[in-house]
Amino acid sequence: MKPSPLDRVLLLFTVIIAAYQVAVGIDGFDTLPIIAYTVGFGVLLVAVLLIFILGFDILDSPVVIIISTIIPLSLATGLAWQHLASYRTLYLLFAIGGFLAVTLTRSISAPGKLPIIILVLTHGIAGMTIFILPIILSIQGKAPPLFALVGIGGALIGVGGLLLSFLKTGRPILSRETILKVLPGLLLLTTACFAAGFKFG
Amino acid sequence: MSVVTAQSSIVNLKSKIRAYWSLTKPLQSGLLLATGLAGYMSARCPVFNIGAILGLAVSLFLAIAGSTVLNMWWDRDIDAKMGRTKKRATSSGVVDENEVLRVGLILSVIGVGWAVAMDALYGLIVFAGLFFDVVVYSIWLKRRTAWSIVWGGVSGAMPILAGRALGLGYIDWVGVTLALGVLFWIPTHTLTFSMKFAKDYEAACVPTFPSTYGLGVTRATIAISSVLAAAAMVVAGYGIGMAWGFLRLLGVLSAGLLILALVMTFRPSERVNFGLFKYASVYMLAAMILVVIEVM
């Protein structure tokens, strides 16, 4: 399925915002968060660019599950490194381990429900970190109120991930057409929330 | 002259202009022009010098368009044998072939002449690009060897080198590295194209990498040239003095190019082939935009 002209505009803006975030939006951070956010927004940028070029059919590729794990894991690692000083090493180990586990269970024929359990655990912890941490920090006054936008971005990317998962399992709660219709807007909103949250937060 | 005759003349003129415009391959020429402008701006010279920018843009575009028209003129017989190109104005007979030759020569002479008048070194490089493209690539090698694309690549690398040389007044290692970036990028673009239209080239008896060395070697060549193109662009970005943020972004875009090249090597498909072809164009345009934004 080819993106409509409106989809292309939304995807293009998503690419531009993600590019801004990689080039400018994370300047001044420590080395590891810069690497983590570069990976997260970089994967988002290239993925959206490929949807723009190749169309939505690219989402049918089995690699999408692995690629889509990188985004929340790297963003969550960056946030944890910046704001949860005592859990830095632990979180980094979780991110690396989670990514390897997802890749491994998706590459070999893992037994039973292990692949889905690994996927849910990895996405769940990373997603909750991105969603909850910025909101708590904002409420506690440890970060400016607008930093909560990063949490909203986390919630939105979680919704996007869920929709894509439903597509992959072949049991979507929304039709494929509806999911693909809302996806470009959702990606733009997510990326804009992240960028605004980091800029003003 | 009656109103009907006048209207008919206008329609004819319009269709002729449209035909010649398509013969200049506006997208390809535009992308090469963008590399020339980016090369000039990378020298961090006063970019708001309207005279110089306009002179560069017009002279370079005329020279590129002229060489493209001359190529089309020379290749009209093989273009007529290929499904992809048989509708071109030169091969379908929409325009007179002698007229095409004249237009190509006039555009080339004005473009190179203008370039020489602006700066001798700049003019020399623009002329070298035209010479490599028309004489070495098209006339001499295209029908003889699959390696002709190297010379096509050298020609395609000249606009960015010319632009930077115009800005600096001399050729430096950054300019050469930028040119290498374009040179190595071109196989990524043209070889994926030659795989997609392999039968067309075969029908026209034009040797290509897929027909001479097979798809495996062609894919490996694309992957290697992508690595070299990305490396050259990042090194050149560093040489220009790009901020770390812009280098990061260039690195991200380069990584996308490398991953696609690797996927095409190990899990080839028509879709990935097409994706790499398109992504390579977007990559080069984005790299040029980054160079321009960085220095503004």
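None of the figures in this text is laboratory data; all of them are computed from the coordinates on show. As the structure is a prediction and not an experimental result, all values here were calculated from the model. Heads up, the Cβs are rebuilt from the backbone with ideal geometry, glycines too, and the neighbour counts pull from every protein chain shown.
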The stretch A:1-51 and the stretch B:79-150: distance between their alpha carbon centers, rounded to Å: 39 Å
Within chain A, count lysine pairs with alpha carbon atoms under 30 angstrom apart where the residues are 8 or more positions apart or belong to different chains. 6
Provide, as a two-decimal number, the C-alpha radius of gyration of the protein assembly as shown over 2.2 N^0.38 Å, N being how many residues it has. 1.10
Ratio of Rg to Rh over the stretch A:103-201 (Cα coordinates, Kirkwood Rh, two decimals): 1.07
For B:Lys87, give me every one of the aspartates and glutamates with a C-alpha distance below 16 angstrom, ignoring sequence neighbours fewer than eight places off in its own chain. B:Asp75, B:Asp77, B:Asp79, B:Asp96, B:Glu97, B:Asp200
Longer than 26 Å from Cα to Cα, which of B:Lys16/B:Lys199; B:Lys14/B:Lys199; B:Lys16/B:Lys81; B:Lys142/B:Lys278; B:Lys25/B:Lys199 are they? Say none if no pair is. B:Lys16/B:Lys199; B:Lys14/B:Lys199
Highest to lowest packing among B:162-173, A:129-140, scored as the average C-beta count within 10 Å: B:162-173, A:129-140
Can you give the convex hull volume per residue for the Cα atoms of the stretch B:196-250, as a whole number of Å³? 100 Å³
Which three numbers, in whole Å and largest first, are the semi-axes of the equivalent ellipsoid of the stretch B:1-63 derived from its Cα gyration tensor as √(5λ)? 36, 14, 6
Mind ranking A:41-49, B:226-234 by how tightly packed they are, going by the mean number of other C-beta atoms within 10 angstrom, highest first? A:41-49, B:226-234
Determine the shielding of peptide A:19-26 by partner chains: average, over its residues, the number of Cβ atoms on other chains within 10 angstrom of each Cβ. 5
If you split all Cα-Cα distances of the stretch A:5-200 into 10 Å bins from zero, what percentages do you get per bin, shortest first? 9, 37, 37, 15, 1
Taking every C-alpha to C-alpha distance in the stretch A:25-72 and binning by 5 Å from 0, the per-bin percentages run 5, 20, 25, 21, 12, 9, 6, 1
Largest-first principal axis extents of the Cα set of chain B (Å): 66, 48, 34
Distance from the Cα centre of the stretch A:66-138 to that of the stretch B:229-296, in angstrom? 28 Å
Per residue of A:52-61, what is the mean number of Cβ atoms on other protein chains within 10 angstrom of that residue's Cβ? 3
